[in-house]
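Here the structure comes first, spelled out in structure tokens, and everything after it is commentary.
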Amino acid sequence: MNIVLTGFMCTGKTSVGKLLAKKLQFEYIDTDEIIESTIGLPITQIFERYGEPYFREIESKVVQEVSKKNNCVISTGGGVVLRKENMLNLRSNGIIINLTALPETIFKRLNQQPGVRPLLNKPNPLQEIKNLLEYRKEFYKDCDLQISTDNLSIEEIVTQIIEFVKKYELGNTN
Ligand code: S3P
């Protein structure tokens with residue numbers, strides 16, 4: 001069984017995923033990293049040179065491959081939820097955890113890592129975050145557990161996930 005992390009950009013998937021993998025002694029996989037090494041370019045340049053539809057095609061292929069693995073923490077790009085086929089693949093052997101955050105929190109975190117998120121490279125990034133979140137809200141609900149990360153430390157989020165996974169494996173998630 002894999003643990004899959006979904007969520008909007010800057011919701012903490014990478015930091016949470018790395019600590020979670022360490023604690024569970026699972027392999028940590030980041031689909032964006034695989035895409036970058038497959039194409040040989042950073043995500044921003046893939047978007048610039050080839051456009052978003054091309055990126056989404058590669059993303060789906062990578063998702064299909066990583067979904068076949070076992071005992072991995074899989075951190076996904078924020079838009080992975082938009083394609084049903086991605087979710088079906090990830091769910092085939094995975095528990096899906098969705099990390100959420102308020103637009104203002106995302107905006108603050110975005111400013112700490114400038115220039116790596118092409119979709120938010122807009123004149124008004126906060127408004128763009130709000131627009132995309134609104135559009136994607138329903139897609140992010142397709143998960144086994146949603147955790148709001150605004151007021152939690154990485155450690156606390158990881159603890160919540162581990163507790164949920166234990167219950168999930170016992171067949172009791174209430
Ligand atoms: C995207 C999120 C990014 C990356 C790409 C598109 C999105 O990943 O896959 O820039 O559509 O939300 P992170 O969520 O890791 O930033």
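Taken together, the values in this text are just the output of simple stated rules run on the coordinates, not laboratory data. Values in this document were obtained by computation on a predicted structure and should not be read as measured data. We place every Cβ from the backbone using ideal geometry, glycine too, and count neighbours over all the protein chains shown.
Here are the numbers for this structure:
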item: C-alpha long axis of helix 103-112 to longest principal axis of the chain, angle in °; result: 70
item: Debye intensity ratio I(q)/I(0), log10, the range 2-161, q values 0.10, 0.17, 0.20 Å⁻¹ (C-alpha model); result: -0.33, -1.03, -1.46
item: Highest-first arrangement of 93-100, 137-144, 109-116, where packing means the average Cβ count within 10 Å; result: 93-100, 137-144, 109-116
item: Of all DSSP beta bridges in the range 2-161, antiparallel share, percent nearest 5; result: 0
item: Among the listed pairs 13/61; 122/167; 69/122; 68/108; 61/166, those beyond 32 Å (Cα-Cα); result: 122/167; 69/122; 68/108
